[in-house]
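Asks: Structure incoming, see below.
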Amino acid sequence: MFMVIFIFLVFGIIIGSFLNVVIYRIASGEGGIVFGSSHCRDCNHELAWNDNIPVLSYLRLLGKCRYCKEKISIQYPLVESITGILFLVVAIARIGENFSTQDIIVAGMISIVFAAMLVVLVYDLKYMEVPMVAIYLSAIIVAIAIYIQVSYDLKEFIFHIVAAMASFLFFFSFSFFSDEKWMGYGDGYIAFVVGLALGPFWAFIALLLAVWTGSIVGVVMIIFKGKDMKTAIPFGPFLIGGMYVAFCLMSFFPNWLDFMKL
Ligand SMILES: [Zn+2]
């Protein structure tokens, strides 16, 4: 069990390194994902294998290119370590003492969805745009994973679909009636994945967390940076962050709301 969880962590860090490439390729419009040799983004010098070890190389090189000494974006080690942590958390949450092959498959699928949504998060932060290909991929994989997870129980599965539709409609109508001034259409699609992944109750918690933190940060940006609602900050990252937090609460503290029943 610990071995499996450790493999998830290492695998997550490697996937994270791959996600950085994906983000770069989507942004630069280079179609297919090619596993070519990698180059420094600044001086274009080819990188040696030991300059490419996720997280570790960044630390050893102190965040600078070995050749041109130009700063390497903190995005690289951040995405790598966050992906590693996401995989680790999913593995701990889903792979228990007497795990089955099915547990590993579901955990793997959820991990991949969380990774794809991390691409959306970073991309939305950087470019204020939601890469729809990551949304489609996530929606399909998460639907299959949830169906397996609820042991092919159609009723339980429909709850997740309803949560997805409701979350989507809520944010979609926001952007529709505000003419995308408060929120972009992309946020509706992100909310769809959140609802599908978490089901009605935990999706509601995730969206609530997103709205709270998003509004606080948004207001701060408007006051101190003189931005308006539209330019202040993309909302997608809050939705996705809310999903990660709600997943942790659901997995590790499912009864944290019990105090309200007293
Ligand atoms: Zn360089």
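Asks: Using a cut-off of 18 Å between alpha-carbon atoms, which aspartates and glutamates can reach Lys69, once sequence neighbours fewer than 8 places away in the same chain are excluded?
Replies: Asp42, Glu46, Asp51
Asks: Averaging sequence separations of C-alpha pairs under 8 Å and six or more residues apart, then dividing by the length of the range 137-188, give the relative contact order as a whole percent.
Replies: Relative contact order for the range 137-188 comes out at 22 percent.
Asks: Sticking with this structure for a sec: Using the structure shown, list the pairs from Lys71/Lys225; Lys64/Lys126; Lys64/Lys227; Lys126/Lys181; Lys126/Lys225 with a Cα-Cα distance above 24 Å, or answer none.
Replies: Listed pairs above 24 Å: Lys71/Lys225; Lys64/Lys227.
Asks: Further, regarding this structure: Whole-Å semi-axes of the chain's equivalent ellipsoid, largest first, each the root of 5 times a Cα gyration tensor eigenvalue?
Replies: That gives 31, 26, 17 Å for the three semi-axes.
Asks: Still on this model: Mean residue ellipticity at 222 nm from the helices of the chain, using -39,500 (n - 2.57) per DSSP H segment of n ≥ 4 over the full residue count, to the nearest 500 deg cm²/dmol?
Replies: Calculated mean residue ellipticity at 222 nm is -24000 deg cm²/dmol.
Bear in mind that the values in this text are calculations on the coordinates, not laboratory data. All values reported here derive from a predicted model rather than from experimental measurement.
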